[in-house]
Amino acid sequence: MTAIMPMTIHIALLRAINVGGRNLVGMSGLRDLMAALRFAGVRTLLQSGNLVFQGDRRAGAELERLLEVETEKRLGVAVVYFVRTATEWETIIARNPFPAEAERDPGHLLVLFLKKAPEAEEVRALEAAIRGPEIVRAEGKQLYIVYPAGIGRSKLTNTLIERKLGSRSTGRNWNTILKLAELAQQ
């Protein structure tokens, strides 16, 4: 008798797709890719590369690499994936160090997903590099950032953050974080 592997709900974020006419990936193409890889219950949110799906208990980095390789091979686009389980996602929400900002101005609260957890000295270097009103807090492989004056004109850019933390990243605002949590519960 074969044991049935329990299915884990995953949330995957793709970095830098459908931005400025580059790395164009249709959400239907992503859903088809995931189905071809035998993932179930595939759903997308927005056009910026947000996926919710069910799969085996494959580890995060292993799953990210599989998706990166298969997306390039089958869709012809080299992208970086950041995958968290639905349980990890719940923890990300629960550990938000800026609950007042999340309530008051969720569009200016960003969660940056990292490939690796930053060291304390890397976070201190990032904090020292901030030249505006932004506030950051690291928690595991996430960086929470409040952009009180807005993200678009901030000097605290993804490039600066990645350089200081030594890790690739992609961000989602708090509204999107909550919508993905809701999608994962359906």
Apart from one, (1) of a type in the set (A, V, I, L, M); (2) more than 16 Å from HIS10 (Cβ to Cβ); (3) in the same structural domain as ARG15 (by TED's automatic domain parsing) all hold for LEU110; the odd one out is (3)
Just one of the numbered conditions (1) in a helix (DSSP H, G or I); (2) farther than 20 Å from ASN158 by Cα is not true of ARG38; which one? (1)
Given the conditions (1) crowded, with 18+ Cβ neighbours inside 10 Å; (2) of a type in the set (D, E, K, R); (3) out of contact with any helix residue (DSSP H, G or I) (no Cβ under 9 Å at 6 or more places or on another chain), every one holds for LYS115 apart from (3)
Mind telling me which of the residues GLY166, GLY132 ends up being over 21 Å from PHE82 (Cα atoms), touching a residue at least 12 places away in the same chain (Cβ under 8 Å), outside the structural domain of PHE82 (by TED's automatic domain parsing) and not aliphatic (A, V, I, L, M)? GLY132
Output the residues belonging to the range 169-186 that are in contact with a Pro (Cβ under 8 Å, 6 or more places away or on another chain) and buried (at least 20 other Cβ atoms within 10 Å of the Cβ). TRP174
Restricting attention to strands (runs of 3 or more DSSP E) lying wholly within the range 88-186, give those where 2 or more residues are of a type in the set (S, T, N, Q). 169-173
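The values are calculated or read from the model by the stated rules, or taken from the named source; none is laboratory data. Worth saying up front: this structure is predicted, and the values here are computed from it rather than measured. Glycine also receives a Cβ, built like all others from the backbone with ideal geometry; neighbour counts cover every protein chain displayed.
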